[in-house]
Amino acid sequence: MRIYVHCEEPTIEIIIKNVFKNLLPDTVEFEFTVKSKPALINGLENSLEFYGSKWSYDKDFRVIIISDSDGQDCKDIKSILETKAQKFNLPTSTNPDPITDQFAILNLVIVEELESWFIGDIEALVKSYPKMPKSLHKQKGFRGFDKIKKPKEQLDQKLISIGYFKHYVRRNELAETLTPHMNPDSNQSASFQYFRRRLTDLVRADL
């Protein structure tokens, strides 16, 4: 099976390859398209038109569309994504095929920002950056994982303040350093666990 991933964060590719790939069959292959949120949302229809045509004769693929909420209402963003899929007769995980129960599209809106997934694994953060306090999740600004306001900004400021980066955090470096230590079973981010379940369900349904 080939899974096409459309996302706005290049670190998604690193996370999937380093954290989730080992949970999936070897036959699963990924193809990534990374764009800014406006380009991601506005440019989807060209891709969905292709997938809609392909779905009519080949169902050995799936599409995952991942967007940060960035403070917007998650339901509004997901509604836009669902409407675009329906325009090209593509069943989604929310609205699967009524006869076969299959779906081609998994729309995922990450609560706030992707960094909530990193903060959800305190042990991985401490292993990757030993100066990181083990009690980080109890500190002001870091409580609640998916409820954290501006998690990217909060995590960046912490990493800079304890000396791992000087002026800005290099996102790919952060992901490459952190993800090998991440444990999917213990991650406290509900958004992370939801994505994990839907990804494994998506693949399992095709076996």
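Structure values in brief
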| read-out | value |
| --- | --- |
| Residues satisfying the stated conditions in the range 1-26, i.e. part of a loop (DSSP other than H, G, I, E, B) and more than 14 Å from residue 195 (Cβ to Cβ) | 1, 8, 10, 25, 26 |
| Residue match in the range 65-73 (condition: β-branched (Val, Ile, Thr), at pLDDT below 90, outside the structural domain of residue 150 (by TED's automatic domain parsing) and farther than 20 Å from residue 182 by Cβ) | no |
| Test: residue in the range 86-101 that is closer than 21 Å to residue 11 by Cα and under 18 Å from the mean Cα position of the chain (by Cα) | no |
| Residue within the range 25-37 that is over 15 Å from residue 91 (Cα atoms), free of Cβ contacts under 8 Å to residues at least 24 places away in the same chain and surrounded by fewer than 15 Cβ atoms within 10 Å (Cβ to Cβ) present | yes |
| Tally, over the range 157-200, of residues that are of a type outside the set (A, V, I, L, M) and touching a residue at least 40 places away in the same chain (Cβ under 8 Å) | 20 |
| Test: residue in the range 124-138 that is farther than 19 Å from residue 8 by Cα, part of a helix (DSSP H, G or I) and either assigned by TED's automatic domain parsing to the domain that holds residue 199 or touching a Ser or Thr at 6+ places or on another chain (Cβ under 7 Å) (or both) | yes |
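The values are calculated or read from the model by the stated rules, or taken from the named source; none is laboratory data. Source: prediction; values computed, not measured. Ideal geometry is used to build each Cβ from the backbone, glycine not excepted, and the neighbour counts take in all protein chains shown.
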